[in-house]
Each structure stands twice: as structure tokens, then as C-alpha cells.
1. Quick test of your reading of the structure: B:A63 fulfils all but one of (1) small (G, A, S); (2) open to solvent by less than 30 Å² (accessible area, probe 1.4 Å); (3) at pLDDT below 95; (4) more than 12 Å from ligand 1 (Cβ to nearest atom). Name the failing condition by number.
2. Only one of these conditions is not met by B:G73: (1) open to solvent by less than 10 Å² (accessible area, probe 1.4 Å); (2) within 13 Å of ligand 1 (Cβ to nearest atom); (3) under 20 Å from B:D231 (Cβ atoms). Which number is it?
3. Would you pick out the residues in the stretch B:27-58 that are within 8 Å of ligand 1 (Cβ to nearest atom) and not in a loop (DSSP other than H, G, I, E, B)?
4. Considering every residue within the stretch B:59-79, establish whether at least one is more than 16 Å from ligand 2 (Cβ to nearest atom), within 22 Å of the chain's Cα centre (by Cα) and assigned to a strand (DSSP E or B).
5. Looking only at the stretch B:108-118, decide whether some residue is open to solvent by 10 Å² or more (accessible area, probe 1.4 Å), within 16 Å of ligand 2 (Cβ to nearest atom) and at pLDDT below 95.
6. All but one of (1) on the phi > 0 side of the Ramachandran plot; (2) open to solvent by less than 10 Å² (accessible area, probe 1.4 Å) hold for B:G52; which doesn't?
7. Since A:G91 meets every condition but one in (1) within 14 Å of another protein chain (Cβ to nearest Cβ); (2) assigned to a helix (DSSP H, G or I), which condition does it not meet?
8. Assess whether A:Q186 counts as being within 21 Å of A:V165 (Cα to Cα) and open to solvent by 60 Å² or more (accessible area, probe 1.4 Å).
Amino acid sequence: MVTLVLPRLAARAEQRFQRAAAVTGRNVTAARHFGYWWVLVSGFFEPVLYLLSIGVGVGALIKSFTLPDGRVIPYAAFVAPAMLAASAMNGALAETTMNFFGKMKYLRLYDGVLATPVKPFEIALGELMWALVRGSIYSVAFLGLMVAMGLTSAGWALVALPATVIVGLAFGGMGMAIATYVRSWQDFDYIMVVQFALFLFSGTFAPAGSYPLVMQIVVQLTPLYHGVELLRGLTTGVLGWGLLGHTAYLIAFASIGLAIASRRMAVLLYK
Amino acid sequence: MVLRKSLADLSYPRVRVLDVSAAEPLIAAHGLVKRFGDFTAVAGIDVDVRAGEAFGFLGPNGAGKSSTMRMIGCVSAPSGGTLRILGMDPVRDGPAIRARLGVCPQQDSLDQDITVRENLTVYARYFGISRRQARQRADELLEFVQLTERANDKVEPLSGGMKRRLTIARALVNDPAIVLLDEPTTGLDPQARHLVWERLFQLKQRGVTLVLTTHYMDEAEQLCDRLVVMDGGRIGAEGSPRQLIERYATREVVELRFSDATLDSYLGKLEGIGERLELLPDRILLYADDGDLAVAAVHERQLRPSSVLVRRSTLEDVFLHLTGRTLVD
Ligand SMILES: Nc1ncnc2c1ncn2[C@@H]1O[C@H](COP(=O)(O)OP(=O)(O)OP(=O)(O)O)[C@@H](O)[C@H]1O
Ligand SMILES: [Mg+2]
């Protein structure tokens, strides 16, 4: 039984991945025609500006920060991983909310794709992989900057990179799920507000432990908090079992998002 | 028993496909229904399409042609009845069926962000075709639809006819067993239409099964071996173009125009000539087996039409007879 089923499952998984990769491939082809790389560059600067103004600027006032294990780090080293998480969030959301919505509703790109063997889940997965490519470009650049500024070590930066992918995965999956409920471009204003609120209150500029209790609980339910904690743990080198918890949360968040997105796409497009 | 199946075998479950013997239709619909909420777009149709056949759905706007095509294309689940395509179930085996279909939808769904050639190579990848094969196939198909010169242009500036040809080329990228064409030539100029017809005819000669919808009688007569006339979600008649004309129209038709505005007053005066009269907004159609005899009879009654045209009857007349309407929008 197992010998019959396993190869078949493996082949099916490989086929799914190949179809998703074809969707990603389409985006790579399209990006070559756009001045798309400029869009990428501009997206990179936002977190850098925050890092410089708040991390370095406010850091001049606060000077240092004491980690749970007693080590003292500069304030900029405390803020930088949060900016890294926020940039992974922004990169993933830009691709999976607005761009995904535009492709689905205005370009009607997926109408053509669904006439092929490719299924909604595979489209969602392919778009998510593309969002991760974009997000990872930001992350690599930002981690490079952190190493250059002495805010983390090269070794920890390498460990943090895959973690940024997990953060991107979580926001990308959920972004797509949300995009399937968006009615018009105006709705993106709401997404923007939520995104900014997350950016401010996810233990970004001050430890979440310093918030009032109710807020602490709320914050712990939101995904950016887990992203910030995960990346901060890694770039400052403070490891603990909690990091696994954050990772599990983010992966669960991504899976739920992906499942909702593909189901909703089927409802919207298989009419 | 082979334990390991290759990927290609999985994407095309040939075992089931092989069940389709020559006798079994490639597409079999029985009592097929499509509802959108309370509205019934397709109200129980029976259709069998056999291998190698060119089959047409003829009908006015809103007849339910596209709704039917989308169900056959496995992108829209039937609301009732049964549908089997290539011996498979469209709901369960959607991907396997779609792997062997080529679809040219009513609205071009080309990718505006990439070039003409890339539209074909990217699309080929969705079928799991290798990059190298995709490039080769794209070049062949661009040649086939005469777009080689525009290969590296974006899609946006192409004319309507070129976009349509590209959509048709894209539908052929996976070398499909069945090609679904929803109004392949609507909006094209006569030259472009003839080019498309010629290509579709070539496909048919290669043994590809064609299923198309159209508003155009001449298109249906040119391309279809068999067709159904659809109206209001139902099938009014079915047969070859010749059979339908023989069954529902006389051999010839006389088109009479009168310069005075009150056309209907002539109906009574023409009573008895030919087999049947049909009043259109701008003319009266007189169905008769011998048109010249009928015209002579008209003149005998001292009627002076401003123009007289005797022609062979067409599918348009069949349609008019079946639905009481002309097909032109
Ligand atoms: N997604 C949908 N939701 C609701 N109603 C629909 C939908 N798609 C089609 N309809 C309705 O179903 C009916 C049949 O539409 P369909 O597109 O199948 O007609 P058609 O024969 O292709 O017409 P045309 O020649 O204009 O293309 C129309 O009245 C249309 O308004
Ligand atoms: Mg239609």
C-alpha cells in the first residue's frame, strides 16, 4: 500500500510545485519588462529611513538597551530586527494585496490560467513564492546594512534570512486571503491603516512587555509581533524555545491564509 | 504492475482516456443545466460531440452558449444533468481534462504585461511543457497564425484580429484533442475572419475536434459538420447545416422591400404566395421552393416592391423560423 501511495503523493506534490513555479515564472518574465526593479529599490528605502531616524536618532538619546539575558546592546540593534520584520511584511503585502487584486480583477490574468491544468491553490502558491522572492531581496539588502552598521553579526544574519522568509510567508498568505475579499481600490486604505498600526505596536520600538496588559494580549495575537520577536531573537543571538513558538505561529498563519485564498479564488473565478 | 508512474503519466491519466472508443462521444451532455442564483442560463441540453467533428452552438445574445462552453472547459460546475468529457468527470478530473483542451474564450484573456511570444511560452509552462519545447512550439504557432513579425511586441498595441489569432495560437499550445472556440471571429474584418476560418479548417483536417459558438450563419455553414440552434438556454434544433435548412426552410427565399412605411399591410396582399411569409422591420421574406415563380406571382398581383432579391435559404432563415428573431444583434 505505502509503496503505491508514496511515490504517487511525491509526484503529485512535485507537479503542484511545478505548476506553482510556472505562475512564479510568469511574474519573473513580466518583471523583466517593467521598470520593476525600481519598485523594489524604493520599497527597500522605507525601513532604512526608519532605522536611521529612529534607531540611530532616538538611539542617541536612549543609548543602550538591556536584553533579557542581561547583555546590553545599542538601541539601534534593538530596533533594526523590527524594521527587518516590517520590511518583510511590507514586501509580501505589496505583492499579495494590491498586485494580486489587480491581476485577478482587472487584468483578469487568472481566467486564462484556470483554463489550463493549474488550480487556484497552485496560483496562490505561485504568487506567494513570487512575493517571497521580492521580500527576500529587501531582507538581504537590509541584513547587509545591519552587518555593515555592526547591529548583528554575519553569522546571525545568515540564520535570520530564512526567518524573514517565514515572516513573508505569513503576511503573503494572509494578504492574498484578504485581497480576495477586497471590493475596490478604496478598501486598500483600511489595509494600509492596519499595516501601519501593526508596524507601530508590535514590540517594534519598545518591548511589548512594556505595554498595558490588555494591549500585550492583543499584540501577542497579531503576526508582526511574532515576526519581530523571532528576528530579534536571532539577530541579537538570544535563543529560546519561544522562537519555535513564533515560527509555528507564523507558519500556521501562512497556511490558513493560503487555504482561504485558494478557496475564495475558486468561488470568484469558477463561475 | 508498474509501481512508479512518471509525472507525465499522472498529468494525463491515459488509462481512463483510452476508454473513449471511437463510438463514445468526446463530449456527452445530458440534461445539462447551469443556474446563476435564480436565473437559469442553460435549461437542460443534450449534446454529443464525436471525435474529429466540428460542432457548433448557434444562438443570439444570452442564449447560454458561453455558459455551456465554460462548463465544457471545466471552469464552471454544472448545476444539473450529467457531463462527461474525454470519458472523465469535469468536476473530479478537471485538471486532467483541461490538460487536453484548448480554450479560446469569448473575451481575450491575454497577458498584457508580456510579449506575444511570451504569451505562448508562459502558457505552455502551465501545461508542464519544458522551456525548450515551449519555445519551439511558440515559433511554430506564431507562424501558423501569421504573427511571427509581431513576436516581440507587447500584446496591447495589436489589432483585435491579431489578438484573436494569438488567443487561438495559445489555445493550441498543448496540442489539444478538443479546441473550444467561443465566438472566434466576432469583431474581425472579413480578411481576418477568412484567415481564422482557414486555420480552423486546417485543424479539423488534422483530426482536432472543434467546438465553437457563433452568431454568424456563414461561419456555421463553413465550419460546422453539425450544430445546434440554441435560444433561451434550450436547444431548438440539431443537425448538419444542410439538414437544418431542408427541414426548416424552403429551398429559396425572396426578400421584398417596399418604399412605403407600412410593411405589414402587404402581408395580407402576399398571402398564398410561396409557403410562408416572415415580416422583418425592413423587409418581408417570402419562402418558396422556386423564387422566380414567386416573384412572378407578386407582380401578377400588381404589387410594386422597391427591391426584390431571390437567394438560396441559409441558416439565418432556419433560425428565424425557429425563434422568430434574426440573429444579428
Ligand atoms: N456569471 C454570471 N452570473 C449571472 N448571470 C450570468 C453569468 N454568466 C452569464 N449569465 C447570464 O446567463 C445568460 C446566458 O449567458 P451566456 O454568456 O451563456 O450567453 P451567450 O449565448 O454566450 O451570449 P453572447 O452571444 O452574448 O455571448 C445571460 O442572460 C447572462 O446574463
Ligand atoms: Mg457568449
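1. Exception for B:A63: condition (4).
2. All conditions are met except number (3).
3. Let us first name the residues in the stretch B:27-58 that are within 8 Å of ligand 1 (Cβ to nearest atom), namely B:34, B:36-37, B:39, B:41-42, B:57.
Passing the criteria: B:K34, B:F36, B:F39, B:A41, B:V42, B:F57.
4. No, because not a single residue in the stretch B:59-79 is more than 16 Å from ligand 2 (Cβ to nearest atom), within 22 Å of the chain's Cα centre (by Cα) and assigned to a strand (DSSP E or B).
5. Yes, that holds for at least one residue.
6. Of the numbered conditions (1) on the phi > 0 side of the Ramachandran plot; (2) open to solvent by less than 10 Å² (accessible area, probe 1.4 Å), the odd one out for B:G52 is (2).
7. In the conditions (1) within 14 Å of another protein chain (Cβ to nearest Cβ); (2) assigned to a helix (DSSP H, G or I), A:G91 misses (1) alone.
8. No; evaluated as a whole, the condition is false for this residue.
The values are calculated or read from the model by the stated rules, or taken from the named source; none is laboratory data. Small disclaimer: the values here were computed from a predicted structure and weren't measured. A quick note on method: Cβ atoms are made from the backbone with ideal geometry, for glycine too, and the neighbour counts reach across all protein chains shown. Keep in mind that these areas ignore ligands, DNA and RNA; they rest on the heavy atoms of the full protein, side chains included. Shrake-Rupley method; radii C 1.70, N 1.55, O 1.52, S 1.80 Å.
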